[in-house]
Every structure is written in structure tokens, then in C-alpha cells.
Amino acid sequence: MKSGNASFSASVIWLWLVIAAVQAEAVDNMEGNATSSERPIRQSQSLCAGEQEYIHKRKQVVLESLNSLGTNCTADSVPHIALLASGGGQRSAVGLVGTLYQMEKEGLLDTLLYLGGVSGSTWSMSSLYSDPKWSANMDRAVSTLSGPGVELEQALTWLDERSKEEHFSLTDIWGVLTSAGIMKQMDLRHLSDEASRNASNPYPIYSAIEKHCFSDGPIEGKWFEVSPHEAGFTELGVFVETSLLGSKFQSGELLERKPEMDMVKLQGVLGCALAHEEIIREFIPPWLNVLGHVDGAAEEYLRVYNALDKLVALTRSTIKDPAALSDLDKLQKILKDKVNHNESALLESKNSEDRRSVFQQWSLELQAAVEAWSWSLGDGTFKTHVSLLTKQVLPLIMKWEWGTTANFLYQYQDSTIPPCLRSQERFHLVDAGLLINVAYPSFLGDKRDIDLIIAPEYSAGNMFETLTLARDYAAEVKKPFPEIDDKILEERDWPNDCYVFEGKEKEPTIVYMPLFNRRNCKDAEEFKAKMEEFSTFQRPFSQEKIEFVLETAKFNIENNKETLLREINKAALRRHKRLGRV
């Protein structure tokens, strides 16, 4: 009996231990799941684990590159070098490819730890990274720019699928036509796919801004960065996994996982400067550009015209049929004639309410003109495609909705998050170039601890503006930034091809390289003419224009190789000294 009882007791104990172990494992699993669901938002001013791991691996590539260039450093004193390309539409997209192509040829590309982009430069970045080994294959990137492009039918198939989604906006249309017509490819992968790649390429950081915070919120809530691992607000230090961008959140909890946006839509998000109303002021017809005529109602009318005009131009780049191209030219002429028809006498006799009514009527007339043109086309594939496009485009233009995505900070309980981010279920991500046309905010301060920034400048407008805006931003958020001698700003109308703004302690050194400059423009007049010839908002470049920008960007790197090498060496020495090794 005793033996039996002992055996029974042992069995009970063994069974209890098994049950306890299973329960403990279940609890652990529940806690793990709760942790991932309760805390999908990371709040920190440090790098996430995924980026840290990538950078650790990338430093080995950089170390080998530096040693081959004659720069001696150890694995733990590799300088942090970032290439930050400016925006500038197709000019910057093509220019960045030319810059990187020549850096590879000069043996400089693998010295880069990071590659950061804004606006048009993110178009070429997203295209480049579709090749996991693009750093060693820049010939492919150049050939893609000159490729046959994407047919309108393929673009519209993608657009038709997106139109069924909850957050369909003009960004989708802008993104697909940019991908198809300018970058000549439609990349359907997801950015988070790159999180598991090896470190053969610099680590990419893409930039946007939140539209409403840009207009009304504190500076800490404006800048938004997206990497293969995380997406979120740089200064606030709040991030979600990139695969969760667009999923539904409330009070910091993940409510519903949504599919991650593909790179086509992301290109639209990152490069839609047209989304901001102020850009429209650049396209005011002369008769309307007089004191008292340009008010909110006029701007609404002009944005309808400009959105239509630019989207027609992008559509044109996806079409080869001469008859269809001729039809699109007719539409652009119809639109231009309408907006340039001088109606100043009519406006002068109206009060503000009546003016608004007039402009609204003119907007409807623009829409009606597009619809009438569409119906007038001969029956066939082109008419079918255009009808589908106008059916999707026109209502969105009237709503003027861009970059719509679910807000992961909706009702997030933290006093550091501004109301413009906590109060809305959705936010609107648009072109970061509206704030600063270079991704300086993501690369200032301790987080990425950058020693050297190489900044090829493809921007329109005033030269040096990206630098002065970044300097002011850095002062406001208390981040280090090198000193800029204001005398240099006097050269904005005809800049040199390379400037070095040297960092002293924690400030990064900046090598600033304008695309058009004193080496390739004989005087200020030619500089101005080149900026106008390659303006940001125009029809997609001809092959001749693509080649010219590529060669100009390559030439700038070739001419300044020695300066770049010198500053790379100095960056390595600075980091060495900071570690107390000399």
C-alpha cells in the first residue's frame, strides 16, 4: 500500500509539475503577446535594435573601403558618414543616380554608412534599393532611367486596386504616375523587406512631414522618418515598425493590422510637394497675380488647374501612341487657355463672397472641360484608360486629400505628443521638402552621431536655403550644426561647386555641392537659365535632359574627389580622437 501511495503521489506531483510548466509557458506567451500588442509604439531617442545591427555590419564594409583608400582606422573608430540628397523633382532623382554612380567609380560609395533622401531624391532611392546589391551595380540604375517605362494600363491596374482601399488619396495617383513615368518601373515590394538584408548598401532613411503639424503644430511634431525597420517622428522619438505604418491604433494599442504600403505608394507620399497649397503660388497666371486678386478662393482654383496639368504631364510619359500624345497635348492647351483667359475686370466688380462663387464655378468648368475632352476621344483603349483615370482623379482633386494614413498616435496618452497628432484618427504625410529640402533633421545629434555629411544640392530656389533652414531648425531643437559664414550666402546667384562647413566638436562637417555652379555655368545668367531649363515642375525629362543631369552630377563628384577624400580622412581622425586614441 505504501508503495502504491508513493507511486500515486509521485504521479500526482509529476502531473502537477507538467501542468504548472504548461501554464507558465502559456502565461509567458500571453505576456509576450500582450507586450507586442500593448507596446507596439517605441518611445526612445536611441536607434532601434534592427538599425543598430545593420550599422554594425555596414561598418565592416566601410572599414574595408577606407583602408583601400589609405585611411587607417579600426572597427570601433569608423567615421559615421551620410550622403543626404536634396529634393528637386526629376532633377534630384536623376542627379542622385549620377552622384552615386561616380562615387562608385571613384571608390567612395562604400564609405557611406547612411543614405538619406527628401522628395525627388527618394524616388531614385526607392528605385535603387529594389536591387539588393545596387551599390556594386550602378550601371543598372543608370540604364533604368533611360528604359522604356511602364505602360498606362499597368499603372491603372495598380491604381484601380488602391482605389478600393480606405485611405485612397491623390498621393496614390501621384505615386503611380511618378513611378511609371519618371522612374520607369513599378516596385511593388515593401520597405520593411529590406530589414533582413545584408549591409552591402548604405542604410536608407526616407523623410516626410505631417501636413497639419507642419501648418499648425510645434516643430517637434513635424519631421517624419521612415527606414526599413521603423517609421515615426524624429524629434518626438515615437516610432512603430515600418510594417505597421497604416495599421489602426488607439491609445497606443494596435487594433487592426493593415497591409503595408508598397514602394509605389511610398514614392507618392515622399515626393508630393504639390500637396501643399503654398506651392500653387509659383504658378499664378500674370493677369491674376495682382494685389487683392489672390485669395483663398483663387488658390483653390489654381490648385485644381495645377494638379490637372501636372497629372496630365505625368500620364503623357506613360504613353507611346502619337495620336494619344496629341490628344493629351490638346487637353493641356484647353486647360492653359482657360486659366490664362483674363477675367480681371469680372473679379474687380465682385465682393469676397461672390469671388469665391466665381472661382468655384471656374473650378467646376475645368473639371467639365476634362470630362468633355475625355468623352470626345475616339473609342478605343486610350479612351477607356483615360475615363478610368479621370473618374478617380477629379473627385480627389476637388477634395484635395493627400498622404492619408492611419495615425498610430491617435489618443496616445503622453503629454509630449502634440494635440495635432493625438486628436485625429488619420494623419497626412507629405513632401518633407516643404519644411527643409534635405534630410538634416534625421541626422543631427547623438542618435546617429554623424561625423560627415556629403550634401549634393539639387534644389530649386535660393542656393544655401537648405543650409540656413537646417541651421535654424537645429537651433530650435538644440542640435549641433556647423557655423555658416553669411558672406558665403552672397554667392547664391552663382555658387562654387563645393563648400566645406567644418564641424568643431559634436557638429558634423558638411560638404555642400550645388548641381549647377561656377564650373559648369560661365556666369550668373547661365546659372539662372540652367535652373529654369531644369525646373522642378515640368514634363518628364527627355533622354537628352536625363543624360545632361547625369553627366553634370558625375562631373561634380569627379572634380571634387580630393576634397571628399580629405574630409573623409578628417572625419576618421576626429572619431579616433573622440575615442581618446591619439
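Kirkwood hydrodynamic radius (Cα pairs, Å) of the stretch 426-549? Evaluated on the stretch 426-549, it is 15.9 Å. Pick out, in residue order, every one of the GluC sites (Glu not before Pro) in the stretch 478-582 that is DSSP loop and has at most 10 other C-beta atoms within 10 Å; say none if there are none. Sparse-neighbourhood loop GluC sites (Glu not before Pro): E505. Here the 3J(HN,Hα) profile of the stretch 111-122, calculated from phi with Karplus coefficients 6.51, -1.76 and 1.60 at θ = phi - 60°, is 7, 7, 8, 10, 10, x, x, 9, 6, x, 5, 6 Hz, Gly and Pro shown as x. At the listed q of 0.08 Å⁻¹, the Debye profile of the stretch 85-220, built from one uniform point per Cα, gives log10 I(q)/I(0) equal to -0.24. Packing, as the average of other Cβ atoms within 10 Å across residues, places the peptides 247-259, 170-182, 402-414 in the order 170-182, 402-414, 247-259, highest first.
Across the chain, Cα-Cα pairs more than 41 Å apart make up 29 percent of the total. With K and R counted +1 and D and E -1, the other residues having a Cβ less than 11 Å from that of P132 yield a net charge of 0. When the stretch 426-512 is described by a simple charge dipole with +1 on each Lys and Arg Cβ and -1 on each Asp and Glu Cβ, the residue from I488, G461, A475 located farthest towards its positive end is A475. Where the accessible area of the stretch 478-521 is counted over protein heavy atoms with a 1.4 Å probe, how much of it, in %, is carbon and sulfur? With neighbouring chains kept in place, the figure for the stretch 478-521 is 41 percent. If you wrap the tightest convex hull around every Cα atom of the stretch 306-355 and split its volume per residue, you get 72 Å³.
Only Cα pairs under 8 Å and 6+ residues apart enter the sum, and on that basis the relative contact order of the chain stands at 21 percent. Can you give me the Kirkwood hydrodynamic radius for the stretch 165-271, using every pair of distinct Cα atoms, in Å to one decimal? Across the stretch 165-271, the inverse of the average 1/r is 15.0 Å.
Here the chain is treated with +1 on each Lys and Arg Cβ and -1 on each Asp and Glu Cβ, and its dipole about the Cα centre works out to around 980 debye.
Remark: the stretch 152-160, residue by residue, has Karplus-estimated 3J(HN,Hα) of 4, 4, 5, 5, 6, 4, 4, 5, 4 Hz, where x stands for each Gly or Pro and the curve is 6.51 cos²θ - 1.76 cosθ + 1.60 at θ = phi - 60°.
Placing unit charges on the Cβ atoms of the charged side chains and taking the dipole of the chain about its Cα centre, the candidate lying farthest along the positive direction among S227, N201, V150 is N201.
The residues of the stretch 90-211 have, on average, 27 Å² of accessible surface per residue, using a 1.4 Å probe with all protein chains present. Restriction of the trypsin sites (Lys or Arg not before Pro) in the stretch 515-554 to DSSP coil positions whose beta-carbon has at most 13 other beta-carbons within 10 angstrom yields K522. For the stretch 450-505, the average shadow cast by the Cα convex hull is 4.3 nm², which is a quarter of the hull's surface. Placing +1 on the Cβ of every Lys and Arg and -1 on the Cβ of every Asp and Glu, with no other charges, gives the stretch 307-463 a dipole of roughly 300 debye about its Cα centre.
Exceedance of the 32 Å cut-off in Cα-Cα distance is limited, within the set K164/K530; K222/K399; K57/K479; K479/K570, to K164/K530.
Over 30 Å apart at the Cα level, from the set K59/K184; K447/K561; K184/K478; K248/K383, are K59/K184; K184/K478; K248/K383.
The values are calculated or read from the model by the stated rules, or taken from the named source; none is laboratory data. Model, not experiment: these values are computed from the prediction. A quick note on method: Cβ atoms are made from the backbone with ideal geometry, for glycine too, and the neighbour counts reach across all protein chains shown. We work out accessible area using only protein heavy atoms, side chains counted, and drop any ligands, DNA or RNA first. Shrake-Rupley method; radii C 1.70, N 1.55, O 1.52, S 1.80 Å.
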